[in-house]
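Asks: This structure is in structure tokens; I'll ask about it shortly.
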Amino acid sequence: MSRALVAEYDAAENTLRLVEPLKGVSDRAKVRVSIETDETFDPLAKLASLNAPTADIEQMIAETLAGRR
């Protein structure tokens, strides 16, 4: 199984903080992590660039952005 998500690194605690728990992953399970340190990384732009079949990606992005305000 593979998923992309955004996490915040806390150097003082040596942890990655997730927005929400990982569904389908047991507590203390070992997971593989890939790090992208690009400060300009925008997960919504990445999603839009996939050109994969979706419902209405522009509407989904607009709703997500509206929720951030």
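Every number here is computed from the coordinates shown, using simple stated rules; none is lab data. Remember, it's a predicted structure, so these values are computed and weren't measured experimentally. Cβ coordinates were reconstructed from backbone atoms using ideal geometry, including for glycine residues, and neighbour counts include every protein chain displayed.
Asks: Quick one: 3J(HN,Hα) in Hz for segment 2-15, Karplus 6.51/-1.76/1.60 with θ = phi - 60°, rounded, Gly and Pro as x.
Replies: Here the 3J(HN,Hα) series is 9, 9, 10, 8, 10, 9, 9, 8, 10, 5, 5, 9, 6, 9 Hz.
Asks: What does the helix-only formula give at 222 nm for the chain: each DSSP H stretch with n ≥ 4 adding -39500 (n - 2.57), the total divided by the residues, and the result rounded to the nearest 500 deg cm²/dmol?
Replies: -8000 deg cm²/dmol
Asks: Let me ask something else. Can you give me the angle between helix 57-68 and the longest principal axis of the chain, using Cα atoms only, in degrees from 0 to 90, rounded to the nearest 10?
Replies: So the inclination is approximately 60 degrees.
Asks: Between GLN59 and LEU18, what's the calculated FRET efficiency when r is the beta-carbon distance and R0 is 25 Å? Round to 0.05.
Replies: Rounded to the nearest 0.05, the efficiency is 0.45.
Asks: Looking at (i) 5.1; (ii) 3.9; (iii) 6.5, which value of mean projected area of the Cα convex hull in nm² comes from a calculation on the structure shown?
Replies: From the options (i) 5.1; (ii) 3.9; (iii) 6.5, the structure gives (iii).
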